[in-house]
Amino acid sequence: MTSDNDRRRGLLARLRERPAARSRGRRRLGAAVRLIAALMLAGGAYTVFAPGAQAQDNPQLTGAAAEGKALFDVSCVTCHGRNAQGVEGRGPSLIGVGAASVEFQVSSGRMPLARQEAQAHRKPPVFNDEQTRQLAQYIQELGGGPVVPEGDDLREDGNIAAGGELFRINCSQCHAFGGGGGALSSGKFAPSLHPATDRQIYAAMLSGPQNMPVFGDNQLRPEQKADIIAYIQETLKHDQDPGGFNLGRYGPSTEGLAIFLVGIVALVFASLWIAGKS
Amino acid sequence: MKRRKFDLAATPGKAAVGVDDRFAVATPLRKLLNKVFPDHWSFLLGEIALFSFVVLLLTGVFLTFFFEPAMTEVVYDGSYAPLQGTPMSAAYASSLDISFDVRGGLVMRQMHHWAALLFMAAIVVHMLRVFFTGAFRKPRETNWIIGSLLFWVGFLAGFTGYSLPDDGLSGTGLRIASAIMLSIPVIGSWVTSSVFGGEFPGTIIISRFFIAHVLLIPGLLVALISVHLGLVFKQKHTQWPGPGRTNNNVVGERMFPRYALKQGGFFMVVFGVIALMGGLFQINPIWLFGPYEAWVVSAASQPDWYVMFLDGSTRLMPAWEIPIPIGDGYVIPPLFWPTVVLPGILVGLSTMYPFLEARHLKDRKSHNLLERPRDAPARTAVGAMAVSFYIVLTLSGANDVIADKFQISLNAMTWAGRIGLLVVPPLAYYVTYRLCLGLQQHDREVLAHGVETGIIRRMPDGRFVEVHQPLSASNGHADGHGQLDYVGWVVPKKMNRLGALGPAIRGFFYPIEKPVEAPVSPGHPPVEARPEREEIGSGESRR
């Protein structure tokens, strides 16, 4: 739609004017070329900056981690796969679970797993402390993740009363009021806390093993974790049960059993004895 | 002045005469003291409930001295360190004080709780005895109804008591109770807000439950127990059939002195067992449950055993909601059926059973003689059915504990309960019925053929036969069998019951009773001690 009138106007006006519409085909072609160029640029940049495939197979491991990798490649690789990437249908990837998770699972004997079932059971550990540390170091260096603080006593300065309240709010739903554990659905369960060490409880809260939720440092601050550990270790485990034999602390179910097995049985024998003396 | 001689031996008599002169009690007392009670161990089961009720009253009075039934918030500063500084209700704080700071408080609290469990257990066991022996039949239907009501009133007493300490467990129970009340169609929300004084938990429920638990319900229990015992007095106790016992008499011991002494002794035994349990077995450690907070629910939060069947029925009930499109829409929640309808049916069926059975059997006679369970197979089988129904529900009420401790899937436990609830009772009916018939048949067999002696005799023609000891002299039957009728009581089935092997030796550690010297009538020769017997052997000595 150019006309003579246009030519008479100034250059500026002509520049501001929309250029003559190109055909639809040319416009499409231009867009495709620009897209391909952008993609090539991004892909090229990625190839330049991304680590090479060689680097993934041989990460720079420290000495302990290398020892851990050796152990891993013998005992864990069947289910967790090469480089702990996991095997479909057998074991999850361990990238990012952190040393805390390894420490909990291995030191409590849950890993290596005895068999595939709803949940791992506690059993005597297969690896000693040194080996557990090496495995933990390996997994930590592979993918990072939460780490349990140093030391065996993680309940220093723990406030038992505060810990008790936190325990009742956060833990007793599954582990029960006495820490004896409880059932979850389909064969899963919350285990008894009585054999657990400070480090294992801490690691469990950090890593959320099995069906347990994660209580990261944002949910429970480290000093609150110390309070909870203090309550479990000092009150639940060392409470002397002022009322006598605690019947397993299973609540009213064993109390009901006791009244029949002890009370009613004793008194039925007493009535047999009394009625027999006639 | 001559001193009057004080005759000690005559004092009680004189005092009694003095009392009788003033109150004229000799005649009614004589009747009372001479009242005869039949003697059988199973008649003492109800007394266990009665005596544990007495213990409940005694320990309960002690506890009220120290319990503060208020929900005002206080900060605990008692001697249980793990709760110090924790805000809680005054009720919970005073329960903790009873447990830790009142001298003897914990043992009293535990005795009270064990006595409550025992009270309910003894009621149930006594009820089973009454049911399986047919003691509820005419004329005692009223007492059966009162007994069943005693169970339900005891149930309420137990539940209100369970709620009083206001710990995590009792609060969880109360929350469930409020949910049950809410599930009642139409009136649910009104009932709940009237009971709790508004929304759950409110601030009034502990004081309300307290007055119900220490005054209203015990009053009702005392009233029902008095009527129950009064009716036993009035209608006289049932007895087993046996020599000299008929439908129209009572054979047994006089109230005084033997029966009264035995009962006194039995009270001491019941008290002792409760005290032992209170001192040895920890029950309801409220300090571990912590104060009740709506967001705190522990695993293994169960009610006491006699409520557990309702917990079980709730766990087994599928989540079937019934929407009713009236007005804004209305829903009958699934909780309504297992916790309101089911107990309603159970109350109705259990109280009305005597009339149902009499109607079914067209039986309008009075029965003062008991029936052995085997002699009424249908009733025994129905009872077994009811018991198995109750047991499946009760086990399901604890199914999370069972699943966890026996490492079974909780889902499997739930399904086992659902299927078991439908399958086990009919199975129990069938098995019990067959067992009863088998036992009946064996009784008749022994009456007809005699007791098995274990002696095998070889006949001249080479046959072997077992020698039976007939129970009665032959009366002309060719095979040497006498004819005895079944009288509804134990048929001797072992040789020593017939005197062939001498009586079993009594006493826990050493024989305490010599064989009774039989009174010798002049016409009979004196009874000689039985000759020493030797084991029958081959004749060869091993030495």
Self-check item: Top-ranked residue in the stretch B:267-298 [being of a type in the set (G, A, S) and at the interface with another protein chain (Cβ under 8 Å from one of its Cβ atoms); ranked as farthest from B:A179 (Cα to Cα)]
Solution: B:G279
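Is it the case that some residue within the stretch B:27-46 is among the acidic types (D, E) and either outside any loop (DSSP other than H, G, I, E, B) or at pLDDT 95 or above (or both)?
Going through the stretch B:27-46, the residues among the acidic types (D, E) turn out to be B:39.
This time we only want the ones that are either outside any loop (DSSP other than H, G, I, E, B) or at pLDDT 95 or above (or both), so: none.
No - not one qualifying residue is present in the stretch B:27-46.
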Exercise. Return the pairs, sorted by first residue and then second, in which the second residue is assigned to a helix (DSSP H, G or I) and among the aromatic types (F, W, Y), the first residue lies in the stretch A:133-147 and is under 13 Å from A:Q105 (Cα atoms), the beta carbons are less than 9 Å apart, and the residues are 6+ apart or on different chains.
Key: A:L135/A:F72; A:I139/A:F72
Quiz prompt | Residues (in contact with a Gly (Cβ under 9 Å, 6 or more places away or on another chain) and within 14 Å of chain B (Cβ to nearest Cβ)) located in the stretch A:206-238 | solution = A:D227, A:I228, A:I229, A:A230, A:Y231, A:I232, A:Q233, A:E234, A:T235, A:L236, A:K237
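Out of curiosity, is B:D97 surrounded by fewer than 21 Cβ atoms within 10 Å (Cβ to Cβ), more than 14 Å from every other protein chain (Cβ to nearest Cβ) and either without any contact (Cβ under 8 Å) to a residue 60 or more places away in the chain or assigned to a helix (DSSP H, G or I) (or both)?
Working: surrounded by fewer than 21 Cβ atoms within 10 Å (Cβ to Cβ): yes; more than 14 Å from every other protein chain (Cβ to nearest Cβ): no; either without any contact (Cβ under 8 Å) to a residue 60 or more places away in the chain or assigned to a helix (DSSP H, G or I) (or both): yes.
Taking the combined requirement at face value, the residue does not satisfy it.
Determine if the stretch B:295-311 includes at least one residue that is aliphatic (A, V, I, L, M) and surrounded by fewer than 17 Cβ atoms within 10 Å (Cβ to Cβ). Let's see the steps before the verdict.
First, the residues of the stretch B:295-311 that are aliphatic (A, V, I, L, M): B:296-297, B:299-300, B:307-308, B:310.
Still in the list and also surrounded by fewer than 17 Cβ atoms within 10 Å (Cβ to Cβ): none.
Among the residues of the stretch B:295-311, not one is aliphatic (A, V, I, L, M) and surrounded by fewer than 17 Cβ atoms within 10 Å (Cβ to Cβ), which makes the answer no.
In the list B:S301, B:S313, which residue meets the criterion of being within 19 Å of B:D400 (Cα to Cα) and away from chain A (no Cβ under 14 Å)?
From the options B:S301, B:S313, the qualifying one is B:S313.
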Quiz item: When residues of the stretch A:218-266 are filtered for being in a helix (DSSP H, G or I), in contact (Cβ under 8 Å) with a residue 24 or more places away in the chain and not hydroxyl-bearing (S, T, Y), how many remain?
Solution: 15
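Is it the case that B:M111 is under 24 Å from B:Y433 (Cβ atoms) and either surrounded by 23 or more Cβ atoms within 10 Å (Cβ to Cβ) or free of Cβ contacts under 8 Å to residues at least 60 places away in the same chain (or both)?
Details: under 24 Å from B:Y433 (Cβ atoms): no; either surrounded by 23 or more Cβ atoms within 10 Å (Cβ to Cβ) or free of Cβ contacts under 8 Å to residues at least 60 places away in the same chain (or both): yes.
No; evaluated as a whole, the condition is false for this residue.
In the list A:G52, A:G44, which residue meets the criterion of being surrounded by 10 or more Cβ atoms within 10 Å (Cβ to Cβ), out of contact with any His (no Cβ under 9 Å at 6 or more places or on another chain), modelled with pLDDT under 80 and not assigned by TED's automatic domain parsing to the domain that holds A:A84?
Values: A:G52 fails: surrounded by 10 or more Cβ atoms within 10 Å (Cβ to Cβ).
Being surrounded by 10 or more Cβ atoms within 10 Å (Cβ to Cβ), out of contact with any His (no Cβ under 9 Å at 6 or more places or on another chain), modelled with pLDDT under 80 and not assigned by TED's automatic domain parsing to the domain that holds A:A84 holds for just one of A:G52, A:G44, which is A:G44.
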Exercise. May I ask you to list pairs of residues, at least six apart or on different chains, whose Cβ atoms are under 6 Å apart, with the first in the stretch B:55-70 being over 16 Å from B:I206 (Cβ atoms) and the second being of a type outside the set (V, I, T) and surrounded by fewer than 20 Cβ atoms within 10 Å (Cβ to Cβ)?
Key: B:V55/B:F271
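Hand me the list of helices (runs of 4 or more DSSP H) wholly inside the stretch B:340-412 holding 1 or more residues that are within 18 Å of A:F260 (Cβ to Cβ) and more than 14 Å from chain A (Cβ to nearest Cβ). Before the answer, list the steps.
Working: elements: B:342-361, B:377-397, B:399-405.
Per the criteria, B:377-397.
Yes/no per residue for (1) within 19 Å of B:I225 (Cα to Cα); (2) in contact with a Leu (Cβ under 9 Å, 6 or more places away or on another chain):
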{"site": "B:D77", "(1), (2)": "no, no"}
{"site": "B:L83", "(1), (2)": "no, yes"}
{"site": "B:S89", "(1), (2)": "no, no"}
{"site": "B:S99", "(1), (2)": "no, yes"}
{"site": "B:G105", "(1), (2)": "no, yes"}
{"site": "B:M120", "(1), (2)": "yes, no"}
{"site": "B:V124", "(1), (2)": "yes, no"}
{"site": "B:W144", "(1), (2)": "yes, no"}
{"site": "B:Y162", "(1), (2)": "no, yes"}
Practice problem: Identify, from the list B:V19, B:V55, B:V75, the residue that is modelled with pLDDT of 95 or more, surrounded by fewer than 15 Cβ atoms within 10 Å (Cβ to Cβ) and of a type outside the set (D, E). | Solution: B:V75
Quiz item: Identify, please: which residue in the stretch A:156-186 is under 24 Å from A:Q116 (Cβ atoms) and in contact with an Asp or Glu (Cβ under 7 Å, 6 or more places away or on another chain) and is, among those, surrounded by the fewest Cβ atoms within 10 Å (Cβ to Cβ)?
Solution: A:G181
Exercise. Scan the stretch B:56-94 for residues that are part of a helix (DSSP H, G or I) and among the polar types (S, T, N, Q) and jot them down.
Key: B:T59, B:T64, B:S94
Self-check item: Any hit, the stretch B:120-133, residues being among the small types (G, A, S) and in a helix (DSSP H, G or I)
Solution: yes
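For the stretch B:122-129, state whether one or more residues are more than 20 Å from the chain's Cα centre (by Cα) and surrounded by fewer than 23 Cβ atoms within 10 Å (Cβ to Cβ).
No, the stretch B:122-129 has no match at all.
What do you reckon, is B:V25 free of Cβ contacts under 8 Å to residues at least 60 places away in the same chain and of a type outside the set (S, T, Y)? Walk me through how you get there before you give the answer.
On the way: free of Cβ contacts under 8 Å to residues at least 60 places away in the same chain: yes; of a type outside the set (S, T, Y): yes.
Answer is yes for this residue.
The values are calculated or read from the model by the stated rules, or taken from the named source; none is laboratory data. What you see is a predicted model; the values in this text were computed from it and never measured. Cβ coordinates were reconstructed from backbone atoms using ideal geometry, including for glycine residues, and neighbour counts include every protein chain displayed.
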